[in-house]
Amino acid sequence: MELKPPPVRRLPLDPPPTAVAGRAPASPFTGAAHARARSSTFAIDRMQVDDVLVAYGQKPAVDHVSLPIRQGEVLALIGPSGCGKTTLLRSLNRLTELTTTASQQGRITLDGADIASLEPTALRRRVTMVFQQPNPFPMSVFDNVAYVLREQAARRPKRAALDAKVREVLAHAGLLDEVEHDLRHPALRLSGGQQQRLCIARALAADPEVLLLDEPCSALDPQSTQVIEDLIVKLREEVAVVIVTHNLQQAYRIADYVAFMYLGELVEYGSATQVFGSPREERTKEYVSGAFG
Amino acid sequence: MHPPPANAKRRDADQRAARMLGALVALVLVVMAAMVVFVFREAWPSFSHNGLHWFGGGGDVDHQIQAIFTSGDLKQRPVYAFHAWPLLWSTLLITGTAVVIAFVCSLFVAVFIVEFAPEWMRAVLEPVVRLLASVPSVIFGLIGVLVVVPYIGNHIISEHSKASVAHIVSLSGYSMLAAIVILTVMIAPIMIAVFVDGLRAVPRGWLEGSLALGINDWRTFWKIGVRTARPVLVAGTVLATARALGEAIMLSMVSGSVGFSPNPADGLIFFVEPSRPLAATILKNTEELTSPPMRHTLFAIAAVLLFSAAMLSLIGWAVKQPMKRYGVRA
Amino acid sequence: MSASAAAAPKIRVASSATWRLRDRIGLGFAWLLGLLFCAITAAIVIYLLVQGVKYVRPNLFVTHPAAGFDEQETGGFLDPLIGTFLVGAMAMAIAFPVGLGIGVWLSEFGRPFALARLTESTVEMIAGIPSIVLALFGTLIFQSPALGFLSRSAGGVVFGRSFFAAAAMLSFVALPLVVGSVREGLQAIPGHVREASYAVGKTKAATTRRILLPTARPSIVTGAMLGFGRVIGDTAIIVVLLGATLRFDGAGSTPLLGTLRGTGSTLTTYILQNAPTGEGNQPTKAYAAAFVLLMIVLALNIGAGLVSRQGKAMRWS
């Protein structure tokens, strides 16, 4: 199947806030840095969610949601527990199909092609996922990454060739310095933050177009969280990033666009400054200011 | 965990319970130790008379057994000459082949049951596997004798083959092929049951994580699931091999009751030659336990079996050790 | 860095196929073997059922077996049937309490550690001992004069074969199963249950007896049933230690004890004898007995499955 590159559209992105003396930008979170520095103001359409409904049995978990996913920006799905954000995330790489009771309507496209028409395994190589609980395989650090790399090659690559590529991927994920001295170290013996970065490295090794992250820092301490947040922001230029988080402060720190979901519905979608600074919907305002959660 | 040390009376009650149960445990250990000691003690005369030739070949082992038995009469000097190689060879061949075939088949069937079988098939297969694993071996022997052996005798062995070796041994359906086939069918359910439990215990998070990286179903399950379950595979194989080694009844019924050493140089006929493994030999001659040299010889065979069972356990433990390094729960 | 040139959008290069030929072959092989396994087991089960139904007759259950040449003369399998249950019950009467004790000790007490490791290894070793070796050892024990009261003696020579002897050795066969299921049942109970009990001042012994064991009951009962099934399926020990006489041959005139001290047979030895390789050579009787034995084992399996499913309904969250 011939894959056509998606159209490059110049979308107006918010310019970085200029420091105006004496007037701090309206923000519900004092002290949090927002709008990290970017190297380009381009965003490329990657996926489009079109009026999607996902139901487990009778009950709809995702109720007619539409939103775009673009490379070059971080999209944060926020909302209280059980609002369907994880289900929406999982439907992006068709992991919902693993649950037998799940049914889906609507259309999700990746680079213009309906993902239901792609082979699931091929889709999941282009849209990879990092889970909430770090789940490195019970192998060495090297083998964890090599496992994914071996799938890319047509024939079994030599260990030496893999070595360079593994190091490259680990450097990309910011983990190489810490594990460089012993790549044979058992992955399960790394710290939580290192394990999660290893999982991100694995997900990047598959050379994806979209990276999905399901509450990646919820099981980690603040230092590891910081490191991973920096990594995510660094990655947004190369892959479209969708992150589900129940931590509003985290969304404020790293998101460019925010989608607030409540009970399966998409209540509000907009840029982060707009959703946090001046939300349109009443429910959004309540949630963002902490009235419920 | 232990209860906080309350008053002395409660501490005593617990200590008494611990002591009583501990004594029970010690009793069982002592009985087992006694068994090992007694078996080897009874076996010693046979080993000491034969030395390492006990394990070697030479002579017709059936004649030797006969001679040993008749010499048990008090009037004669006891005869111990015994070269067990045909029996050892038979045991190795039958057990080894059956375990290898059963392992491959059981692994694939277990993978099938856990991951790829449709729901209705799984619901049928699982209880059936457990039922088969508990069928008594004598019933397998019965089916073997009444179905498999005649089939082999009539359809697989040709008249020509029978004639060609008639001067050495007579070929009927009682053969190694029958023994291997039935033994495989007997130990496969045990392996499958153990493998299924082990494969089920693989954390779903790992499998899902692999799928989410774009690895297909089969490779995910094979590379992650089966690899994680390697200690269970070892445990199941050890269990099945122990069962196969000690199988006396079924093998005595179908493997042919001659102490003949199947010869690979015979070509295809090799598979249908009769033989008799170690455990079946003991069973066949238990009537003759009254004769002391016979008793010593039979205990010697039992000692070899006991030793093999212990070695198997040890090998299983040793094989599992390196697997612990990467966090696979062994 | 200049913001004008956008990075060219990255499209996946057509990489290798997600399903290699090897994977398809592997999957196909798994399917093939799965179906083959279904077919073989179906064949075995159906064959036994058909043959059994063909040859089982009600009068077989109530007639004593006799030596003879044809179907009419050889009678039924009443004695072996009783013998099966008798030897099974006796073996479990030994294995169950001992197994329970060992299981509780390993799970709840278990000091000193070295002893616990040794016990675990020993139980594992017992599970791997061939029953013929156990049988031989049994002859050593029960033929010694000290235990002569457990079997018949004639002229100063202890015969050494009786229900007592067989049951004692058979209990070893069931022991690992009972110990395993007791431990599994107890270990499945989460720690906070024990803590709650200790917190109100109960001793470990009382906690075990009153709370833990009743909770672990489904697991323990399942283990006992499986152990019973294993015991009644064993032939080697019966052949060696029960004398394999067709009918019960009591020793001495005390009503029950006489039988237990004497020799007899069970369904398994009956089948062995009536197979073409045996002395009796009555294949029809052998099929009938095999069918009955299979039904008993099937009933035990189903029972164990029901009990364990009932236990799962009570799972701790």
Once amide H atoms are placed 1.01 Å from N in the peptide plane, what residues at a sequence separation of 5 or more from C:Gly75, or on another chain, have their amide H within under 5 Å of its amide H?
C:Ala66
Please compute, for peptide B:19-27, the average count of beta-carbon atoms on other protein chains lying within 10 Å of each residue's beta-carbon.
6
More than 36 Å apart - percent of Cα-Cα pairs taken over chain C:
39 percent
How large is the helix-only mean residue ellipticity at 222 nm for chain C, computed as the sum of -39500 (n - 2.57) over DSSP H runs with n ≥ 4, divided by its residue count, in deg cm²/dmol to the nearest 500?
-21500 deg cm²/dmol
Prolate/oblate/rounded call for chain B, Cα gyration tensor, a/c under 1.5 rounded
oblate
Nearest 500 deg cm²/dmol is fine: what mean residue ellipticity at 222 nm does chain B get from its DSSP H runs of n ≥ 4 alone, each adding -39,500 (n - 2.57), divided by its residue count?
-20000 deg cm²/dmol
Using +1 on the beta carbon of Lys and Arg, -1 on that of Asp and Glu, and nothing else charged, what's the dipole of chain B about the Cα centre, debye to 20?
1480 debye
Under 16 Å Cα-Cα from B:Lys223, which aspartates and glutamates qualify once same-chain neighbours fewer than 8 residues away are excluded?
A:Asp143, A:Glu151, B:Glu115, B:Glu208, C:Asp23
Between A:His64 and B:Met121, the FRET efficiency computed from the C-beta separation at R0 = 30 Å comes out, to the nearest 0.05, as 0.20
Give me the base-10 log of I(q)/I(0) for region C:274-317 at each q in 0.28, 0.32 Å⁻¹, Debye formula, one uniform scatterer per Cα, rounded to two decimals.
-0.88, -0.97
Total accessible area buried between chains B and A, 1.4 Å probe, in Å² to the nearest 100?
2100 Å²
Only helices at least 30 Å long along their axis, Cα-based, and averaging 0.5 or more on Kyte-Doolittle count here, so list those DSSP H runs from chain C.
C:21-55, C:78-108, C:163-187, C:283-313
For C:Arg20 and B:Arg200, what is the calculated FRET efficiency with R₀ set at 22 Å and r taken between the beta-carbons, to the nearest 0.05?
0.25
Rank B:Ile101, B:Met35, B:Asn263 by how far each Cα sits towards the positive end of the charge dipole of chain B (+1 on Lys, Arg Cβ; -1 on Asp, Glu Cβ) and give me just the farthest.
B:Met35
Between chains A and C, total accessible area buried, probe 1.4 Å, no ligands or nucleic acids, nearest 100 Å², roughly 1800 Å²
How would region C:53-190 be classified by its alpha-carbon gyration tensor: rounded, prolate or oblate, with rounded meaning a/c under 1.5 and the a/b versus b/c comparison settling the rest?
oblate
Candidates C:Leu226, C:Leu49, C:Leu21, ranked by Gaussian network fluctuation over chain C, Cα under 10 Å, top entry:
C:Leu21
Separation of the A:Glu282 and A:Arg107 label points, Cα + 7 Å toward Cβ, nm
3.5 nm
Order by accessible surface, 1.4 Å probe, largest leading, for residues B:Lys223, C:Lys285, C:Lys202 comes to C:Lys202, B:Lys223, C:Lys285
Taking every pair of distinct Cα atoms and averaging 1/r, then inverting, what Kirkwood hydrodynamic radius in Å comes out for the protein assembly as shown?
32.4 Å
Could you tell me what percent of the accessible area of chain C is made up of carbon and sulfur, with a 1.4 Å probe and every protein chain present?
67 percent
Would you mind getting the Kirkwood hydrodynamic radius of region C:22-70 from its Cα pairs, rounded to one decimal in Å?
14.4 Å
Using +1 at the Cβ of each Lys and Arg and -1 at the Cβ of each Asp and Glu in chain B, identify which of B:Phe221, B:Phe299, B:Trp44 lies farthest towards the dipole's positive end.
B:Phe221
Go through region A:169-179 residue by residue and turn each phi into a ³J(HN,Hα) via Karplus (6.51, -1.76, 1.60, θ = phi - 60°); whole Hz please, and just put x for glycine and proline.
5, 5, 5, 4, 8, x, 10, 4, 4, 7, 10
Averaging 1/r across every pair of distinct alpha carbons in region B:221-330 and inverting yields a Kirkwood hydrodynamic radius, in angstrom, of 16.7 Å
Tell me the relative contact order for chain B as a rounded percent, counting alpha carbon contacts under 8 Å between residues six or more apart.
26 percent
Sequence gap at least 6, Cα distance under 8 Å: using those rules, report the relative contact order of region A:149-293 to the nearest whole percent.
14 percent
Interface B/C, total buried accessible area with a 1.4 Å probe, nearest 100 Å²?
6700 Å²
Over the Cα atoms of region C:195-317, compute the convex hull volume and normalise it per residue, giving Å³.
157 Å³
Rolling a 1.4 angstrom probe over the protein heavy atoms, how many square angstrom per residue are accessible across region B:196-330?
34 Å²
The Cα extents of region C:115-249 along the principal axes, largest first and rounded to whole Å, are 64, 29, 28
With label points built 7 Å along Cα→Cβ from the Cα atoms of A:Ser289 and C:Ala188, find their separation and express it in nm.
5.3 nm
Applied in sequence order to region A:261-278, the curve 6.51 cos²θ - 1.76 cosθ + 1.60 (Karplus, θ = phi - 60°) yields integer Hz couplings, x standing for Gly and Pro, of 10, 9, 6, x, 8, 8, 7, 8, 10, x, 6, 5, 4, 6, 5, 7, x, 9
From the alpha carbon gyration tensor of region A:85-218, can you work out the equivalent ellipsoid semi-axes (sqrt of 5 times each eigenvalue) and give them in Å, largest to smallest?
28, 18, 12
So what is the accessible area of region B:42-192 per residue, in Å², with the probe set to 1.4 Å?
43 Å²
Which of these, C:Leu256, C:Leu136, C:Leu177, has the largest mean-square fluctuation under a Gaussian network model of chain C (Cα springs below 10 Å)?
C:Leu256
Taking all protein chains as present, what is the carbon and sulfur share of the accessible area of chain B, in % to the nearest whole number, probe 1.4 Å?
66 percent
Taking Rh as the Kirkwood radius computed over C-alpha pairs, what is the Stokes-Einstein D of region A:160-280 at 4 °C in a medium of viscosity 1.567 mPa s, expressed in µm² per second?
82 µm²/s
Taking only the alpha-carbon positions of region B:25-115 and ignoring solvent, what does the Debye formula give for the base-10 log of I(q)/I(0) at q = 0.11, 0.19, 0.20, 0.21 Å⁻¹?
-0.59, -0.95, -0.98, -1.01
I want to verify a result. In a Gaussian network model of chain B, Cα cutoff 10 Å, which of these has the top mean-square fluctuation: B:Val202, B:Val135, B:Val30?
B:Val30
Average beta-carbon neighbours from other chains, 10 Å sphere, peptide A:117-126:
5
Could you please state how large a percent of the accessible area of region A:110-191 is carbon and sulfur, counting protein chains only and using a 1.4 Å probe?
51 percent
Mind checking the dipole of the protein assembly as shown: about its Cα centre, +1 per Lys or Arg Cβ, -1 per Asp or Glu Cβ, Debye to the nearest 20?
1560 debye
Name the residues whose placed amide hydrogens come within less than 5 Å of the amide hydrogen of A:Arg46, ignoring near sequence neighbours (fewer than 5 apart) on the same chain.
A:Ile69, A:Arg70, A:Gln71
Do any residues of region B:192-216 show a loss of at least 50 square angstrom of accessible area between the isolated chain and the full protein assembly, using a 1.4 Å probe, and if so which?
B:Trp206, B:Glu208, B:Leu211, B:Ala212, B:Leu213, B:Gly214, B:Ile215, B:Asn216
Just which residues of region C:272-296 lose 30 Å² or more accessible area with every protein chain there, against their chain alone, with the probe set to 1.4 Å?
C:Leu272, C:Pro276, C:Thr277, C:Tyr287, C:Leu294
How much accessible area per residue does region A:121-248 have, counting only protein heavy atoms and a probe of 1.4 Å, in square angstrom?
35 Å²
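The values are calculated or read from the model by the stated rules, or taken from the named source; none is laboratory data. Quick caveat, the model's predicted, so the values are computed rather than measured. Every residue, glycine as well, gets a Cβ built from its backbone with ideal geometry; the counts of neighbours run over all protein chains shown. Side chains included, ligands, DNA and RNA excluded: accessible areas come from the protein's heavy atoms. Shrake-Rupley method; radii C 1.70, N 1.55, O 1.52, S 1.80 Å.
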